[in-house]
Amino acid sequence: MIRILCVDDHPLLREGIAALIENQPDMKLIAEACNGREALESFRKHRPDITLMDVQMPEMGGIDAISTIRSEFADARFIVLTTHPGDTLVSRALRAGARAYLLKSSVRKDLLETIRAVHAGQKRVSPELVAGIAEHAADSALTPREIEVLRLVAGGNANKEIAARL
């Protein structure tokens, strides 16, 4: 039995997901939460196999909640459900530890299969998001000089002081 925690600030979405899962013989919705802080408490209490996590919620967002939970429970498995297709959010969620990223518009079609795949150890990203990720995959990190400039700016140095140090 795949034990699932659903975290979303919209009750209607949680109800819809509960209805989808209800008829599955291999799945059970064991808890719900409406923000990242509640997700952390529910995760500690119920230790779900899979957590369905919204990205933008009040109090604590989904990506911060994933990072916090994974720092405590390294084997936690997350599926991000969102309306935000941005490649930056996808990358941030995956770096935080999400195993899958689904747009809410495809929940009815892809959620159950994605839950089973993530439970089996696979990773999934909606096909419509892959192109955006690939487009920015080769983006370079900051150079050492750029990092030094940022350190000097963060340290409160004026432009003249920065120029004199570099």
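Between E22, E59, the distinction of being within 20 Å of D110 (Cβ to Cβ), more than 12 Å from the chain's Cα centre (by Cα) and either open to solvent by 70 Å² or more (accessible area, probe 1.4 Å) or among the hydrophobic types (A, V, I, L, M, F, W, C) (or both) belongs to E22 only. Has region 116-126 got any residue that is surrounded by 11 or more Cβ atoms within 10 Å (Cβ to Cβ) and at pLDDT below 80? Within region 116-126, one or more residues are surrounded by 11 or more Cβ atoms within 10 Å (Cβ to Cβ) and at pLDDT below 80. The single condition among (1) open to solvent by 70 Å² or more (accessible area, probe 1.4 Å); (2) farther than 22 Å from L129 by Cα; (3) free of Cβ contacts under 8 Å to residues at least 40 places away in the same chain; (4) of a type in the set (K, R) that R92 does not meet is (2).
Going through (1) surrounded by fewer than 16 Cβ atoms within 10 Å (Cβ to Cβ); (2) closer than 18 Å to V118 by Cβ one by one, A76 falls short only on (1).
Residues that are under 24 Å from E113 (Cα atoms) and open to solvent by 30 Å² or more (accessible area, probe 1.4 Å) within region 32-56 comprise E32, C34, H46, R47, D49, Q56, listed in sequence order. Only one of F78, F73, F43 is at pLDDT 95 or above, under 25 Å from L129 (Cα atoms) and aromatic (F, W, Y). Can you tell me which? That would be F78, the only listed residue that is at pLDDT 95 or above, under 25 Å from L129 (Cα atoms) and aromatic (F, W, Y). Of all the residues in region 127-145, those that are surrounded by 11 or more Cβ atoms within 10 Å (Cβ to Cβ) and either modelled with pLDDT of 70 or more or in contact with a Gly (Cβ under 9 Å, 6 or more places away or on another chain) (or both) number 2.
The values are calculated or read from the model by the stated rules, or taken from the named source; none is laboratory data. Because the structure is a prediction, the values reported are computed rather than measured. Note that we place each Cβ from the backbone using ideal geometry, even for glycine, and neighbour counts take in every protein chain shown. Ligands, DNA and RNA are stripped out before the accessible areas are found, and what is left, the full protein with its side chains, is counted by its heavy atoms. Shrake-Rupley method; radii C 1.70, N 1.55, O 1.52, S 1.80 Å.
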